[in-house]
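As structure tokens, the structure follows; a few thoughts come after it.
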Amino acid sequence: MKPRTSTARPSELARKDIFQALRADILSCDFKPGESLSENALAAAFGVSRTPVRDALAKLSACGLIDTFPQRGSAVSMISHSRVRQLAFMRAVLEKAVIRQAVEAYSPELQAELSEILDCQQACCKSGDILQFLYKELDFYKQFYLCCGRLAVWQTYRWLWSDALRVRFLSLQTFHYHQSPSRAMGSDHWLAAGRMLWDAFSCRDVCACERLVGDNIDEFIRDAQRLRDLFPHYFAQEPLPV
């Protein structure tokens, strides 16, 4: 847990820190889908009572990362390929419209903000911090929604992000250059995709922005299907998509 530098009460910090630490462990699959979580063991590991741990688990449940079973405790939720595809569908339909509006609302300040985020992602590539890279990737796309007043649209995605982020983390860990020599893979590949979108946005090229957004979503779906084949034990048992 991080040192307590906030003016918040220790109990508030414990809840926040435990939630963030557990969320990071789940998103990075250190706690694997389906793995049981013991309140007692977690409380001992964090050096706190069960109450802040229970509160953190309840918040994680609301995020879709934890399943709670009466009389049986909690377990990390399985990844739902169905929810992953639903998120991709929503983004494919809405994000192209958002990017058009964002181009119309272009400002040098937004361009600079996007560039700063990409620089942070570059640093994450160098340090190997995949999870922070993904957080910054979300922030990058969020800026397009913010600049055209579509924050509420962005927030409708939030309940679906838990599965998508785990898919993205697994894809960055699993698919590397040596598996596909024809093109770069991993975080470097997705950083390059972000820079191409930034270039198109800077040139106010709506068509290029729409195409790049669509390509990125299509690739995300392909990666999700490949991961489902490679790690079937991480995914919920659901009917195959039609």
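Exactly one of (1) touching a residue at least 12 places away in the same chain (Cβ under 8 Å); (2) of a type outside the set (Asp, Glu); (3) open to solvent by 50 Å² or more (accessible area, probe 1.4 Å); (4) within 16 Å of Leu197 (Cβ to Cβ) is unmet by Ala112. Its number?
Status for Ala112: all satisfied but (1).
What are the residues in the range 40-53 that are surrounded by fewer than 16 Cβ atoms within 10 Å (Cβ to Cβ) and either among the hydroxyl-bearing types (Ser, Thr, Tyr) or under 13 Å from Arg15 (Cβ atoms) (or both), if any?
Hits for the range 40-53 are Ser49, Arg50, Thr51.
I'm checking my understanding of the structure. Among residues of the range 222-240 that are assigned to a loop (DSSP other than H, G, I, E, B) and surrounded by 11 or more Cβ atoms within 10 Å (Cβ to Cβ), which one is modelled with the lowest pLDDT?
Residue satisfying both the conditions and the ranking: Glu238.
Looking only at the range 55-72, count how many residues are open to solvent by 90 Å² or more (accessible area, probe 1.4 Å) and within 21 Å of Ala164 (Cβ to Cβ).
1
Starting from the range 44-72, take each residue that is within 24 Å of Thr156 (Cβ to Cβ) and free of Cβ contacts under 8 Å to residues at least 24 places away in the same chain and list its partners that are assigned to a loop (DSSP other than H, G, I, E, B) and aliphatic (A, V, I, L, M), counting only C-beta distances under 9 angstrom and pairs at least six apart or across chains.
From the range 44-72, the pairs are Asp67/Met78.
Can you tell me which of Glu219, Glu210 is in a helix (DSSP H, G or I), within 23 Å of Glu95 (Cα to Cα), at pLDDT 90 or above and open to solvent by 30 Å² or more (accessible area, probe 1.4 Å)?
Just a single option satisfies the conditions, and that option is Glu210.
Going through the range 73-91 one residue at a time, which ones are under 17 Å from Asp218 (Cα atoms) and surrounded by fewer than 16 Cβ atoms within 10 Å (Cβ to Cβ)?
Of everything in the range 73-91, those that are under 17 Å from Asp218 (Cα atoms) and surrounded by fewer than 16 Cβ atoms within 10 Å (Cβ to Cβ) turn out to be Ser82, Gln86, Phe89, Met90.
The values are calculated or read from the model by the stated rules, or taken from the named source; none is laboratory data. If you're wondering where the values come from, they're calculated on a predicted model, not measured in any experiment. Every residue, glycine as well, gets a Cβ built from its backbone with ideal geometry; the counts of neighbours run over all protein chains shown. What goes into the accessible areas is simple: the full protein's heavy atoms, side chains included, and nothing from ligands, DNA or RNA. Shrake-Rupley method; radii C 1.70, N 1.55, O 1.52, S 1.80 Å.
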